[in-house]
Amino acid sequence: MLTRLHLALSALLLATAAMPVFAQEVNVYSYRQPELVEPLFNAFTAETGIAVNSVFLSKGLVERLKSEGDRSPADLVLTTDISRLAELVAEGVTQPVESAALDAAIPAIYRDPAHHWFGLTSRARVIYAANDRVADGDVTTYEDLASDKWKGRICTRSGTNAYNVALTAAMIAHHGEEDTAHWLEAVKANLARKPQGNDRAQVKAIWAGECDIAVGNTYYMGLMLKDPEQKAWADSVRIIFPTFEDGGTHVNVSGVAMTKAAPNRDNAVKLMEFLASHTGQELYAEINDEYPVDPSVPASALVTSWGSFTPDALNLMDIAHMRPAALRLTETVDFDG
Ligand code: FE
């Protein structure tokens, strides 16, 4: 059970680490990394005079909000992945936000119909293909990954990773559980090695000749190109945007939700609207190598150079609802084993 000591400790950490007193402020709990979002917070403060206090976490955010309850200092949560956004809502730690500005900037497929979460950036889950060993047209769909021709040629991170669970959940939404189980089994049979490492580790394995194609998120291309040690990995591959046979390219989002407690609600709405504004969306595009959700704001020149694609039309909440089934199937076929 969570104790008063835990609460006191949380309060102490907040007071000492990140919560100076300002006349106008907004408090953010973030699963997103400081270097990704602090430039946006700084721009918001410069424009509005409202200070943004942030606490960066790598886990336990929902538990923390639940233990703090009505006394939580947090106004907003920033996180990646539809499953995490849906979990916040399911756990009852958010509240709806009605905002004409948010509804105008963010297409309906990238926000909660019940107004509890709003997507701020999107990313596609794509195929990284060896430049010298994979021809154009060799792989065009996610279903293709199950083809015999890829035997011993695919690398991927764990099937239980949130990004892969979302892809598998989308496969269920398109084809049902039985076909998806067969797909998972066939992809597993094509793997060059047991699932391991993160998305970039798969591209490194292509560079090293261990496999020819890998599944990964788009923005990692940008991160690798900017890292002197990883640039050679990035240079050995190109991005292919696969589609579902009966759909488009699988996308996921990072997004924001208002906490139930939100002591600075008005300021929090202002920050949400800033993140979805042209200025906010342009900053996201330049800093994160992600796609703005606002279709009137272009992706960065680098991201645009990777090619264009049609996002799958599935509602992200439908993907979130399939997540438990996706996880169960992944474990049933022993994908990582
Ligand atoms: Fe990531």
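The values are calculated or read from the model by the stated rules, or taken from the named source; none is laboratory data. In this text, all values refer to a predicted model and were calculated from it rather than measured experimentally. Every residue, glycine among them, receives a Cβ derived from its backbone with ideal geometry; neighbour counts consider all protein chains shown.
Going residue by residue through segment 180-192, is there one that turns out to be touching a helix residue (DSSP H, G or I) at 6+ places or on another chain (Cβ under 8 Å), of a type in the set (Phe, Trp, Tyr) and under 14 Å from LEU145 (Cβ atoms)? Yes, the conditions are met somewhere in segment 180-192.
Scanning segment 297-337 for residues that are touching a strand residue (DSSP E or B) at 6+ places or on another chain (Cβ under 6 Å) and outside any loop (DSSP other than H, G, I, E, B) turns up just one, PRO311. The strands (runs of 3 or more DSSP E) falling completely within segment 210-264 that include 3 or more residues that are in contact with a Leu (Cβ under 9 Å, 6 or more places away or on another chain) map to 251-259.
I want to confirm something. Restricting to segment 60-114 and keeping residues that are in a helix (DSSP H, G or I) and in contact with a His (Cβ under 7 Å, 6 or more places away or on another chain), which single residue is farthest from the ligand (Cβ to nearest atom)? My answer is SER67.
Annotation: of all residues in segment 115-130 being away from the ligand (no atom under 15 Å from the Cβ) and over 16 Å from ILE319 (Cα atoms), the one that is surrounded by the most Cβ atoms within 10 Å (Cβ to Cβ) is ILE127.
Residues in segment 31-87 that are buried (at least 21 other Cβ atoms within 10 Å of the Cβ), more than 22 Å from ASP112 (Cβ to Cβ) and touching a Phe, Trp or Tyr at 6+ places or on another chain (Cβ under 6 Å): PHE44, VAL52.
Yes or no, residue by residue, for (1) surrounded by fewer than 22 Cβ atoms within 10 Å (Cβ to Cβ); (2) at positive phi; (3) at pLDDT below 95; (4) among the aliphatic types (A, V, I, L, M):
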| site | (1), (2), (3), (4) |
| --- | --- |
| VAL134 | yes, no, no, yes |
| THR140 | yes, no, no, no |
| SER147 | yes, no, no, no |
| LYS151 | yes, no, no, no |
| ALA162 | yes, no, yes, yes |
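Away from the ligand (no atom under 16 Å from the Cβ), within 12 Å of ASN131 (Cα to Cα), in the same structural domain as ASP144 (by TED's automatic domain parsing) and not charged (D, E, K, R): is that true of VAL237 in this structure? Here the answer is yes, as VAL237 does meet what is asked. The residue that is farthest from GLU35 (Cα to Cα), among those in segment 278-294 that are at pLDDT 95 or above and surrounded by fewer than 19 Cβ atoms within 10 Å (Cβ to Cβ), is HIS278.
Taken over segment 139-186, the residue count meeting the criterion of being touching a residue at least 60 places away in the same chain (Cβ under 8 Å), away from the ligand (no atom under 16 Å from the Cβ), in contact with a strand residue (DSSP E or B) (Cβ under 8 Å, 6 or more places away or on another chain) and not in a strand (DSSP E or B) is 6. Inside segment 201-211, residues that are more than 12 Å from ARG238 (Cβ to Cβ) and either in contact (Cβ under 8 Å) with a residue 12 or more places away in the chain or within 12 Å of the ligand (Cβ to nearest atom) (or both) make up a count of 7. Return yes when GLY197 is outside the structural domain of ILE82 (by TED's automatic domain parsing), within 16 Å of the ligand (Cβ to nearest atom), part of a loop (DSSP other than H, G, I, E, B) and over 24 Å from MET317 (Cβ atoms) and no when it is not. Spelling it out, GLY197 is indeed outside the structural domain of ILE82 (by TED's automatic domain parsing), within 16 Å of the ligand (Cβ to nearest atom), part of a loop (DSSP other than H, G, I, E, B) and over 24 Å from MET317 (Cβ atoms). Restricting segment 205-241 to residues that are small (Gly, Ala, Ser) and in contact with a Lys or Arg (Cβ under 8 Å, 6 or more places away or on another chain), the residue that is surrounded by the most Cβ atoms within 10 Å (Cβ to Cβ) is GLY216.
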